[in-house]
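See structure below.
The values are calculated or read from the model by the stated rules, or taken from the named source; none is laboratory data. Source: prediction; values computed, not measured. Every residue, glycine as well, gets a Cβ built from its backbone with ideal geometry; the counts of neighbours run over all protein chains shown. The protein model used for the area step is the full one, side chains on, heavy atoms only, and it has no ligands, DNA or RNA in it. Shrake-Rupley method; radii C 1.70, N 1.55, O 1.52, S 1.80 Å.
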Amino acid sequence: MPLRPVSSSDLLIDGKLAPGTGGTFDVRNPATEEVLGQAADATADDMDAAIAAARRAFDTTDWSRDHGFRARCLRQLRDALLAHGDEFRELAVAEVGCPTFLTSGPQFSGPVNDLGYFADLAESYEWTTDLGEAKPMGLKNTREVRFEAVGVVGAITPWNFPHQINFAKIGPALAAGCTVVLKPAPDTPWCAALVGKVIAEETDFPPGVINVVTSSDHALGAQLSTDPRVDLVSFTGSTATGKKVMAGAAETLKKVFLELGGKSAFIVLDDADIASACSMAAFNVVTHAGQGCAITTRLVVPREKLDEAITATKNALAGLPAGDPSDAGTICGPLISAVQRERVESYIALARSEGGTIEIGGGRPADRDKGYFVEPTLISGLDNSARVAQEEIFGPVLVIIAHDGDDDAIRIANDSPYGLSGAVWGTDPDRINKVVNGVRTGTMGINGGIWYSADVPFGGYKQSGIGREMGVAGFEEYLESKAVATPA
Ligand code: NAD
């Protein structure tokens, strides 16, 4: 099945590919501003049909109980997607503007291979736990706990890592026995729509088990949050939208699973090699133009080494310019849209007005007259109370902040509404451990450690979210438990 050239895509509803009843909307290449083609524009009626199909598939088939069949379908999907790997990778670079090197990891290969991890879990998970006998109220009973799929899942995803986030939801949800309606972000509909096409044409997923609904209208996400036929909403996106999803879900008291924003700190201890720590921090913040929720965007360095750290970070950023994402060597591609570029530029202007110094960058690259590029930027001269240190910018913008010792560094890291991720760089293991234990976030990397993997739970403390994605914990988000007792 050739995925290219793509000029339009379909919705996947109840096992059938169909155009959206709202017509189509443009898909744009953020590196060139060219219209690549059109995506199906679903309406509320299409979403209604998708939810009905998912409900029917969950309630009237044995999908949720046939663990082996689900594992087989997931492996079949993984293999079909990998067979189309080149097309999918090219598509991700064109539609998302992600640097090519990331398609060997979280922008394609990583999450597709992770489908195998979730297939294995469907088969190996202990679906029933024997609790043995007990005598509640003097009467002997045998007890067990059975684990069952939650039901219909509404999966709402953002544009920054569409494959990673789409598969980190549909993989465990389907493996757990749920049925799914996936609603991707309007900026990246094709990454999801073409997965729908592969599912329809090359796998045995029964009709309605997985539905893919692309739309230019955010209201279709809200529809998933409020519809009483949906049992769980799995959302990744901004904290502001996450709050709306939670409020929308409250009326029907559905489960919510939220992966939200971050403003993670990269802490450099005074026994660290400043140049290597700052090089790593610079690399992190420019990767995919800083459009990653877990990217460390506050560089927290010893006050007495602040000047040295600014120089080292500037030097590193100078070697990581924004460039064409289809070039193998590019680390920093474009932002996703003109709107997102305006948002990033407004934060850089805000840093200036708050008294900050732009040490490097701050504008658009002179060598690019098309595409939504912003130069890798370092801001100094502000403390952690500045808005650019508190709010998520989602661009290649690093704020450098001085600390007065390890405890102060932990305090600064935690002085944030977010708690998603973080990093520490140093040499003394006891001091490093104290920092790791003190920082209230869902993931931490030590001296460049990479936690990203199928079996590692990912998610946030505080306003970075509720619940965990990936790993056994991520699988169990899609389960209910049922306690069963029989007189012995
Ligand atoms: P967004 O919140 O604007 O949109 C995310 C999704 O929600 C889109 O599909 C959108 O159509 C939908 N949506 C919009 N309004 C809605 C509503 N009222 N109800 C239900 N759905 C609605 O986020 P974005 O701009 O696409 O993505 C960037 C944000 O996502 C950043 O804040 C980033 O930190 C966050 N993010 C978090 C993680 C994580 O795992 N914690 C991962 C990636 C991105």
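Results, tabulated for the structure shown:
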read-out	value
Protection proxy ranking, peptides 219-229, 371-381, 166-176, average beta carbon neighbours within 10 Å, highest first	166-176, 371-381, 219-229
Set of the stretch 396-438 residues, backbone N closer than 18 Å to the point 7 Å along the Cα-Cβ line of K243	416-420
The stretch 385-414-the stretch 57-78 distance, computed between alpha-carbon centres (Å)	45
Whole-Å distance, taken between Cα centres, linking the stretch 416-438 and the stretch 321-373	29
Positive-end residue, the chain charge dipole about Cα centroid, Cβ charges, pick of W159, F101, A31	W159
Overall Cα dimensions of the stretch 166-242 - principal axes, largest extent first, Å	37, 26, 20
Acute angle (nearest 10 degrees) that the helix 429-438 long axis makes with the longest principal axis of the chain, alpha-carbon atoms	60
Radius of gyration, Dmax [the stretch 448-488; alpha carbons; angstrom]	15.4, 55
Net charge of Cβ neighbours under 11 Å - reference V399; Lys, Arg +1; Asp, Glu -1	-1
For the chain, accessible area per residue (1.4 Å probe, heavy atoms of protein chains only), Å²	38
FRET efficiency, E87 to D66 (Cβ-Cβ, R0 30 Å, nearest 0.05)	0.45
Computed over the stretch 1-139, Kirkwood Rh from alpha-carbon pairs, angstrom	18.5
Theoretical gain in end-to-end length, E133 to D79 [0.36 nm per residue, Cα-Cα removed]	15.0 nm
Label zone at K16, where the point sits 7 Å out along the Cα-to-Cβ direction: the stretch 193-207 residues whose backbone N lies under 14 Å	207
Dipole magnitude (debye, nearest 20) for the stretch 264-453, charges at Cβ of Lys, Arg, Asp, Glu	520
Of all accessible heavy-atom area on the stretch 332-488, the percent that carbon and sulfur account for (1.4 Å)	49
Cα-derived Rg to Rh of the chain, Kirkwood definition	1.00
Beta bridge orientation in the chain: antiparallel %, DSSP, nearest 5	45
Net charge of neighbours whose Cβ lies under 15 Å from the Cβ of F58, counting Lys and Arg as +1 and Asp and Glu as -1	-1
Computed FRET value (nearest 0.05) for Q390 with N141, which takes r as the C-beta separation and R₀ as 45 Å	0.25
Between helix 239-250 and the chain: long-axis angle, C-alpha atoms, 0 to 90°, nearest 10	20
The stretch 251-359: chymotrypsin sites (Phe, Trp or Tyr not before Pro) falling in loop per DSSP and having at most 16 other Cβ within 10 Å	none
Estimated distance in nm for a label pair at S453 and T311, the labels positioned 7 Å out from Cα along Cα-to-Cβ	3.9
For the stretch 264-453, the Rg and Dmax computed from alpha carbons only, in angstrom	15.5, 50
Kirkwood Rh (inverse of mean 1/r, distinct Cα pairs), the stretch 57-116, angstrom	12.9
Share, in percent, of DSSP beta bridges within the stretch 264-453 that are antiparallel, nearest 5	15
Under 28 Å from the Cα of K183 - lysines, other chains or at least 8 residues apart	K16, K169, K197, K243, K244, K254, K255, K263, K462
Folded to 0 to 90 degrees: helix 67-83 orientation relative to the chain principal axis, Cα	40
